[in-house]
Amino acid sequence: MGVVYYANYLVWMEVARVDLCRELGFRYRDMEEQTGTVLAVSEARCRYRHPARYDDEVLVETVLGEVRSRGVCFSYRMRRAEDGKLLADGSTEHIFLNGEGRPVRIPESFRHYFDQ
């Protein structure tokens with residue numbers, strides 16, 4: 001069909017989210033290693049507006065949204081670099097989990113990264 005596979009948008013969202021966390025000053029891996037806490041996706045949404053074509057350069061704008069005691073939300077806008085055309089927008093909701101997979105509060109040592 002000449003268009004990018006729909007699930008790739010979710011991968012782009014993940015990569016952009018990891019990059020945003022680095023910009024905020026931390027790495028996912030550090031939070032897991034230092035606190036035993038992971039940030040698991042509990043919901044993902046993507047609305048496809050226009051197709052990305054193979055070999056398009058796609059820019060993903062990521063914004064930290066609502067922060068709750070046990071979770072956070074990120075929003076995304078994916079645009080074609082060449083002309084700025086909005087290709088898709090979406091969001092992911094995440095919950096903080098301990099090593100046993102139980103919901104926990106944002107680790108205190110990482111809380112300030114989410115209070116932007």
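Under the combined filter of DSSP loop state and at most 10 neighbouring Cβ atoms within 10 Å, segment 17-108 retains these chymotrypsin sites (Phe, Trp or Tyr not before Pro): Tyr54. Helical runs assigned H by DSSP (4 residues or longer) give the chain a calculated mean residue ellipticity at 222 nm of -7000 deg cm²/dmol, each run adding -39500 (n - 2.57) before division by the residue total. Note: segment 72-116, Cα convex hull, 108 Å³ per residue. Counting Lys and Arg as +1 and Asp and Glu as -1 over every other residue whose Cβ lies under 13 Å from the Cβ of Leu20, the net charge comes to 0. The magnitude of the dipole of the chain, with charges of +1 and -1 set on the Cβ of Lys/Arg and Asp/Glu and taken from the Cα centre, is near 320 debye. By the Cα gyration tensor, segment 8-114 has an equivalent ellipsoid whose semi-axes, rounded to whole angstrom, run 28, 13, 11 from largest to smallest.
Computed from Cα positions, the angle between helix 8-24 and the longest principal axis of the chain comes to roughly 50 degrees.
FYI, it's all coordinate maths here, none of it is from the lab. This is a predicted model, so every value here is computed, not measured. Heads up, the Cβs are rebuilt from the backbone with ideal geometry, glycines too, and the neighbour counts pull from every protein chain shown.
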